[in-house]
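S.K.: For reference, the structure I am asking about is given below.
The values are calculated or read from the model by the stated rules, or taken from the named source; none is laboratory data. Only a predicted model underlies this, so the values are computations on that prediction, with no experimental measurement involved. Positions of Cβ are generated from backbone atoms using ideal geometry, with glycine treated the same way; all protein chains shown enter the neighbour counts.
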Amino acid sequence: MNWAYREWEWIDKAPYVRMIKEPKRRIRWLISEEAQRILSFLPSHLVAMVRFSLATGLRESNVTKLEWSQVELTRRVAWIHADQAKAGRSIGVPLNKEAVVLLRELQGNHSKFVFTYKGKPVKRGNTKAWRDALLKAEIVDFRWHDLRHTWASWHIQSGTPLHALQELGAWSDVRMVQKYAHLAPEHLTGYADNIMMRRISGEKNQHVFSTPRVSGKKKS
C-alpha cells in the first residue's frame, strides 16, 4: 500500500494496517541420540540428505537442488546461488569433515545433482518415508526445517559464537541467531557466582562487625 501511495501514486493516502504480532515458537532441536534414531529408520538417500543438513544447516530446497558444479571438495566449500537463497544473495558454505566424507561417498551417482533417488534428483525431503521414520523413532513435533535448528543448536552448545553462527547460517539479522543464545549460558557462570560470593562476604562482615555484648550485672 505504501508503494502504491508513494511510488506509483495510485492512491491518495495509504491506510493504516495494524500488523498482527507473530507468535513466539520454541526452538525444536534433536539431541544426538534422537538424530541417530531417525537415521536408523530412513532409506539411504534420505539418510544422506539428513546427514548433510545436520552438517551444513542448509535449508531443504538448497539441499535437494544442490549440483556438483556448486561443490569444490578440495577447498571444502559449496555455493548457493543468489536465486536459490532466501535472503537473495549468494552464500558460501564451508564444509566440515562429515560433509566432505558424505559428498565423496555420493560422487559418481549422478552427473549433475548431488542427492538423487533411483537416478533422478530428489525433489523433497519431507516425504512419507521421512514421516514414517519420525513415527518409528518416536520423535514428535519435528519438521524437516528443524534440522537447521538442530544444526544451529549443536553449534551454540559446542561453543560457536553467535556472530560466527550468523555467518555460517547466512542470516542477515543477528536477531535470527539470538534465539539460540539460551542454549549455551556457560559464559555467564562467573557472573552467576557473584551473588554467592556476595552472600558469603556478607556473612563474614556480619560476624566481624556484629555488635558486642555489654558486660555487666543482670538487672533484678
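S.K.: Within segment 130-157, track down each residue that is within 18 Å of the chain's Cα centre (by Cα), charged (D, E, K, R) and either more than 23 Å from SER44 (Cα to Cα) or surrounded by fewer than 11 Cβ atoms within 10 Å (Cβ to Cβ) (or both).
M.R.: ASP141 - this is the single residue of segment 130-157 that is within 18 Å of the chain's Cα centre (by Cα), charged (D, E, K, R) and either more than 23 Å from SER44 (Cα to Cα) or surrounded by fewer than 11 Cβ atoms within 10 Å (Cβ to Cβ) (or both).
S.K.: Check every one of the helices (runs of 4 or more DSSP H) wholly within segment 23-134 and list those with 3 or more residues that are over 28 Å from GLN178 (Cβ atoms) and at pLDDT 95 or above.
M.R.: Correct list: 32-40, 44-56, 97-106.
S.K.: Answer yes or no as to whether ALA85 is more than 16 Å from GLY57 (Cβ to Cβ), of a type in the set (A, V, I, L, M) and in contact with a helix residue (DSSP H, G or I) (Cβ under 8 Å, 6 or more places away or on another chain).
M.R.: no
S.K.: Please count how many residues of segment 90-105 are under 15 Å from LEU58 (Cβ atoms) and not small (Gly, Ala, Ser).
M.R.: 9
S.K.: How do the pairs read when you match residues in segment 129-154 that are within 15 Å of SER53 (Cβ to Cβ) with residues anywhere that are polar (S, T, N, Q) and buried (at least 19 other Cβ atoms within 10 Å of the Cβ), using Cβ under 6 Å and keeping only pairs 6 or more apart or on different chains?
M.R.: If the second residue must be polar (S, T, N, Q) and buried (at least 19 other Cβ atoms within 10 Å of the Cβ), the pairs left are LEU147/SER53.
S.K.: Please tell me if SER40 is out of contact with any Pro (no Cβ under 6 Å at 6 or more places or on another chain), free of Cβ contacts under 8 Å to residues at least 60 places away in the same chain and surrounded by fewer than 17 Cβ atoms within 10 Å (Cβ to Cβ). Break it down stepwise before answering.
M.R.: Working: out of contact with any Pro (no Cβ under 6 Å at 6 or more places or on another chain): yes; free of Cβ contacts under 8 Å to residues at least 60 places away in the same chain: no; surrounded by fewer than 17 Cβ atoms within 10 Å (Cβ to Cβ): yes.
Considered against the rule, which asks whether it is out of contact with any Pro (no Cβ under 6 Å at 6 or more places or on another chain), free of Cβ contacts under 8 Å to residues at least 60 places away in the same chain and surrounded by fewer than 17 Cβ atoms within 10 Å (Cβ to Cβ), SER40 comes out as no.
S.K.: Also: Name the residue that is modelled with the highest pLDDT, counting only residues in segment 158-180 that are surrounded by fewer than 14 Cβ atoms within 10 Å (Cβ to Cβ) and among the hydrophobic types (A, V, I, L, M, F, W, C).
M.R.: Out of the qualifying residues, it is ALA164.
Rundown of residues vs (1) within 12 Å of GLU67 (Cα to Cα); (2) surrounded by 13 or more Cβ atoms within 10 Å (Cβ to Cβ); (3) over 21 Å from the mean Cα position of the chain (by Cα); (4) acidic (Asp, Glu), yes/no style:
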{"position": "GLY92", "(1), (2), (3), (4)": "no, no, no, no"}
{"position": "GLU105", "(1), (2), (3), (4)": "no, no, yes, yes"}
{"position": "THR116", "(1), (2), (3), (4)": "yes, yes, yes, no"}
{"position": "LYS120", "(1), (2), (3), (4)": "no, no, yes, no"}
{"position": "LYS128", "(1), (2), (3), (4)": "no, no, yes, no"}
